[in-house]
Amino acid sequence: MNREKRRAGFYVLAIFFGVFVLFLYGPLSAIIVLSFQGLDGGLTFPLNGVSLHWFANLFAIQAVGDFGASFRRSLTLGLMVMVVTVVVSLLAGLAFRRRFWGSTALFYATVASLVVPSIIISLGIGVVLPGDRAPTGLVFLGLWRTSDLDLAVRRLDYVRRLQSFPSGL
Amino acid sequence: MVAIDSVLTKRNRHGPVGARWPVPYLQALPLLVILGFFFLLPIVMIAVVSFWDYDFSRLYPAFQSMNYTDTLGSWVTWKTYLNTLKFTAIVWAATLFIGFWVAYFLAFHVRSAVTQGILFLVCTVPFLTSNIIRMIAWIPVLGRNGLVNTAFIKMGLISQPIEWLLYSEFAVVLAMVHLYTLFMVTPIFNTLMRIDRSLLEAARDGGANSWQVIWNVVIPLAKPGMAIGTIFVVILVMADFSTVQVMSGGQSASVALMMKNQMSLLQYPAAAANAVVLLVIVLLIVAAILRVVDIRKEL
């Protein structure tokens, strides 16, 4: 911009920005530090010794939850969603390069899907595909157990959200 | 370059040479299927189910307004809706204020594009972690023996730990501002970057001081970005249940949390009636924003 000397406003805003960054990172760094908490410490400061106990605990076999399996599921889910998103968005983006019958309606439906709160969609999907009634009719989602199905569907919600960007360009 | 672009788009709009008619339909089909199954169908089903009857174990197809009269006739529901709107208003005001000044600093005070990019990235990185992690991260900071309380006691500012820092409405608002400010920063930053810098110079040459430049030039031109950020934040806050549940420790309610509780009790029609009311409110707010600000240029 201009090469004149920094004015007072700059310093005020720079401090404001610094505080904002501190606000963003402060709690996260607290959590990272606390993850090295000693054996008999909790989620509070000061640290009760330093250890890797909680990390070891995470990868050990536990009564509730299985970190490795959950992690693999998340990763697979992420990959599936990525592939579906890229393919569908790319195709839709190509389609929107031309005008076709219903293109405006489809475009507005895509934008509207961004505007509707996710809990409403989750509820609707819960009504359409009740979790305790196994036959879903959706073969590609049927690969997943019903509990994962819900997650997969919610991810698809993100798919919809992401789609409006390529088509909007 | 711009001329060539516009010629290309114009030709594409009217169908480029060699494109057969089914091609765009086939390309749009996956999107149509996904929107149909995961957007339109659920919404239609919610509207239908909101008129159904139910008991503790199943739903009965019917056409009755009981779900609406039940939910709208209870003062608990009204209080919950008002509470949600209160959270929305406070979080909106806070994120708009913070978001505008952060974006303004990045766009106008940071001089090199590289620094701008780095600083923007610095703001973005925390948003790559999940909402839950960022929420839980506040607990050791705000808790009874948390960082803030310990620091204040050590400094001698207070003798007893402050109780309302965690598991309170304050905590809910703080966490929401923390979670959602980026959704305000990004669109505002985008619009600010598109403002022609010569307009600011012209205003300054015309004798405007910095405040007048901000108030009369920057803010009016930043309105589309503010509107998009506002829509994002309003929707996110109105649909939020996890932040309210975790950060208020169950002492506060929001419409989405009420819906979630109804869903876990299998009272789908009651939740559906709430969903319809919530959807209407959200759409009215969005429509009101779009009436005031024209965001079409930003899409």
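The values are calculated or read from the model by the stated rules, or taken from the named source; none is laboratory data. Note that the coordinates shown come from a computational prediction; the quantities given were computed from them, not determined experimentally. Neighbour counts run over all protein chains shown; Cβ positions are idealised from the backbone, glycine included. Heavy atoms of the whole protein, side chains included, go into the accessibility calculation; ligands, DNA and RNA do not. Shrake-Rupley method; radii C 1.70, N 1.55, O 1.52, S 1.80 Å.
Structure notes:
- Test: residue in segment B:234-246 that is within 13 Å of another protein chain (Cβ to nearest Cβ), among the small types (Gly, Ala, Ser) and not in a helix (DSSP H, G or I): yes
- Qualifying residue in segment B:276-296 (condition: assigned to a helix (DSSP H, G or I), facing another protein chain (nearest Cβ under 10 Å) and over 25 Å from B:Met226 (Cα atoms)): yes
- Single condition A:Ala92 does not satisfy, out of (1) of a type outside the set (Asp, Glu); (2) under 20 Å from B:Pro22 (Cβ atoms); (3) free of Cβ contacts under 8 Å to residues at least 24 places away in the same chain; (4) at the interface with another protein chain (Cβ under 7 Å from one of its Cβ atoms): (3)
- Extreme residue, nearest to the other protein chains (Cβ to nearest Cβ), among residues of segment B:45-55 that are within 12 Å of B:Ala273 (Cα to Cα) and open to solvent by 40 Å² or more (accessible area, probe 1.4 Å): B:Met45
- Some residue of segment B:256-275 being within 16 Å of the chain's Cα centre (by Cα) and either in a helix (DSSP H, G or I) or not hydrophobic (A, V, I, L, M, F, W, C) (or both): yes
- Among the residues of segment B:261-278, the ones that are open to solvent by less than 70 Å² (accessible area, probe 1.4 Å) and either farther than 22 Å from B:Val76 by Cβ or touching a residue at least 60 places away in the same chain (Cβ under 8 Å) (or both) come to 10 in all.
- Among the residues of segment A:102-118, those identified as in a loop (DSSP other than H, G, I, E, B) and at the interface with chain B (Cβ under 7 Å from one of its Cβ atoms) are A:Val116, A:Pro117.
- Counting the residues of segment B:223-241 that are of a type outside the set (A, V, I, L, M) and open to solvent by 30 Å² or more (accessible area, probe 1.4 Å) gives 3.
- Segment A:120-130, subset touching a Leu at 6+ places or on another chain (Cβ under 8 Å) and within 8 Å of chain B (Cβ to nearest Cβ), residue surrounded by the fewest Cβ atoms within 10 Å (Cβ to Cβ): A:Val128
- Condition check for B:Leu96: within 11 Å of another protein chain (Cβ to nearest Cβ), open to solvent by less than 50 Å² (accessible area, probe 1.4 Å), modelled with pLDDT of 90 or more and within 30 Å of B:Ser210 (Cα to Cα): no
- Condition met for B:Pro30 (surrounded by 11 or more Cβ atoms within 10 Å (Cβ to Cβ) and at pLDDT 50 or above): yes
- The one condition in (1) crowded, with 19+ Cβ neighbours inside 10 Å; (2) at pLDDT 85 or above that B:Ile281 fails to fulfil: (1)
- Checking the stated criteria, B:Leu85 turns out not to satisfy the condition of being closer than 18 Å to A:Phe16 by Cα, in a helix (DSSP H, G or I) and either open to solvent by less than 10 Å² (accessible area, probe 1.4 Å) or in contact with a helix residue (DSSP H, G or I) (Cβ under 9 Å, 6 or more places away or on another chain) (or both).
- Test: residue in segment B:63-81 that is open to solvent by 70 Å² or more (accessible area, probe 1.4 Å) and at the interface with chain A (Cβ under 10 Å from one of its Cβ atoms): no
- Subset of segment B:181-222 [under 25 Å from B:Leu128 (Cβ atoms) and open to solvent by less than 70 Å² (accessible area, probe 1.4 Å)]: B:Thr181, B:Leu182, B:Met184, B:Val185, B:Thr186, B:Pro187, B:Ile188, B:Phe189, B:Thr191, B:Leu192
- Consider segment B:243-260 and keep the residues that are within 16 Å of B:Ser74 (Cα to Cα) and open to solvent by 10 Å² or more (accessible area, probe 1.4 Å). The one that is modelled with the highest pLDDT is B:Met258.
- Of the residues B:Asp70, B:Asp53, the single one that is within 32 Å of the chain's Cα centre (by Cα) and modelled with pLDDT of 80 or more is B:Asp70.
- Residues that are in a loop (DSSP other than H, G, I, E, B) and open to solvent by less than 40 Å² (accessible area, probe 1.4 Å), drawn from segment B:133-180: B:Ala137, B:Trp138, B:Gly143, B:Gly146, B:Pro161, B:Ile162, B:Leu166, B:Ser168
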